[in-house]
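Novice: Have a look at this one before I ask anything.
The values are calculated or read from the model by the stated rules, or taken from the named source; none is laboratory data. Remember, it's a predicted structure, so these values are computed and weren't measured experimentally. So basically every Cβ, Gly included, is an ideal-geometry build from the backbone, and we count neighbours across all protein chains shown. Each accessible area value is taken on the protein alone, full model and side chains, heavy atoms only, with ligands, DNA and RNA left out. Shrake-Rupley method; radii C 1.70, N 1.55, O 1.52, S 1.80 Å.
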Amino acid sequence: MTTPLRQARAVARTELRIEGRAGETLWVIAPFGAVALLLVPLAVGADRPMLAQLGLGMYWVVVLLFGLLVTLRQSTTDSPEHLGMLRLVGVVPTARLAGRAAATTVALLAFEMLLLPALVVFYQPPMRGWAWLPAVLPVTAAGLAALGTLAGAVVRGLAGRGTLGPLLVCPLALPLLLGATEVIKTAAYGRNPWPWLLLLVTTTAIGWLGLLLSANACEENT
């Protein structure tokens, strides 16, 4: 019998193949995110010191807002026929949601990486503290993916789910936004960034734990 872990891997591979064929993260969402990063420099003008200070915060705001599009749009494939087919082949709800969240983590990480050149070009931020980015980027992507997948499962089948999903995720994702920004800033000023990284890891762990524990309940309510 296939274990839930293998089922989750299969679901993740399927979701990534679908994303690769559609290319929405690469060709649609990422360019719009880059345009959103460009709006502040256009408004502020040539005030380079101000842009350098705003750059990192604006980057994470765009990652959060446009990352919601990446996470929540996955729930649009959850038609009754699709869910029925997954139940028929024996895919358990926990494996389905975990696999989807894992695939979304990969997509979000790619989205974050694609936005970094736009951040450097438009804002020219100081590079101090960027040594922590290899830790911050995947943790933030994993946390946002878990929260978005959980919210998509909760609001699935409800009227106005396109509005309810972001309303659920944004408040829960604020620790991710704060932690990701402050890790780099505190490291840049020579202070200890570990408490902020711990906030990131804790928020991400809570998101994944909530996703796994509530998977069956979300399935029963649909």
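Novice: What ³J(HN,Hα) values, in whole Hz, does the Karplus curve 6.51 cos²θ - 1.76 cosθ + 1.60 give for region 7-18 when θ = phi - 60°, with x put for Gly and Pro?
Specialist: 4, 4, 5, 5, 4, 4, 5, 4, 4, 5, 5, 4
Novice: Net charge near Arg17: determine it from the other residues with C-beta under 15 Å of the C-beta of Arg17, scoring Lys and Arg +1 and Asp and Glu -1.
Specialist: +1
Novice: Still on this structure, I have one more. Round to a whole angstrom and tell me the spacing of the C-alpha centers of region 94-173 and region 12-27.
Specialist: The distance from the Cα centre of region 94-173 to that of region 12-27 comes to 15 Å.
Novice: On C-alpha positions alone, give me the angle between the axis of helix 93-123 and the longest principal axis of the chain, in degrees, nearest 10.
Specialist: 20
Novice: Placing +1 at every Lys and Arg Cβ and -1 at every Asp and Glu Cβ, with all other atoms neutral, what dipole size does the chain have around its Cα centre, in debye to the nearest 20?
Specialist: The dipole magnitude comes to about 300 debye.
Novice: Nearest 500 deg cm²/dmol is fine: what mean residue ellipticity at 222 nm does the chain get from its DSSP H runs of n ≥ 4 alone, each adding -39,500 (n - 2.57), divided by its residue count?
Specialist: That calculation yields -28000 deg cm²/dmol at 222 nm.
Novice: Still on this structure, please answer the following. Output needed for the chain: three equivalent-ellipsoid semi-axes, defined as square roots of 5 times the C-alpha gyration tensor eigenvalues, in descending order, whole Å.
Specialist: 33, 18, 15
Novice: Calculate, for region 1-46, the solvent-accessible area per residue in square angstrom, rolling a 1.4 angstrom probe over the heavy atoms of the protein chains.
Specialist: For region 1-46, the solvent-accessible area averages 68 Å² per residue.
Novice: While we're looking at this one, here's another question. Where the accessible area of region 1-61 is counted over protein heavy atoms with a 1.4 Å probe, how much of it, in %, is carbon and sulfur?
Specialist: For region 1-61, the apolar C and S fraction of the accessible surface comes to 68 percent.
Novice: Something else about it: What Kirkwood hydrodynamic radius do you get for region 93-193 when you take the inverse of the mean 1/r over all pairs of distinct Cα atoms, in Å?
Specialist: 15.0
Novice: Could I ask something else about it? Taking the simple approach of a point 7 Å from Cα along Cα-to-Cβ for both Tyr189 and Leu167, what is their distance in nm?
Specialist: Here the answer is 3.6 nm between the modelled labels.
Novice: Can you give me the angle between helix 48-72 and the longest principal axis of the chain, using Cα atoms only, in degrees from 0 to 90, rounded to the nearest 10?
Specialist: The helix 48-72 is inclined about 10 degrees to the chain.
Novice: What does the net charge come to around Leu144 if you take all other residues with beta carbon closer than 15 Å to its beta carbon, with K and R at +1 and D and E at -1?
Specialist: Its environment carries a net charge of +1.
Novice: I've got another one for you. Just add up the charged neighbours of Thr2: K/R +1, D/E -1, any other residue whose Cβ is under 13 Å from the Cβ of Thr2.
Specialist: The answer is +3.
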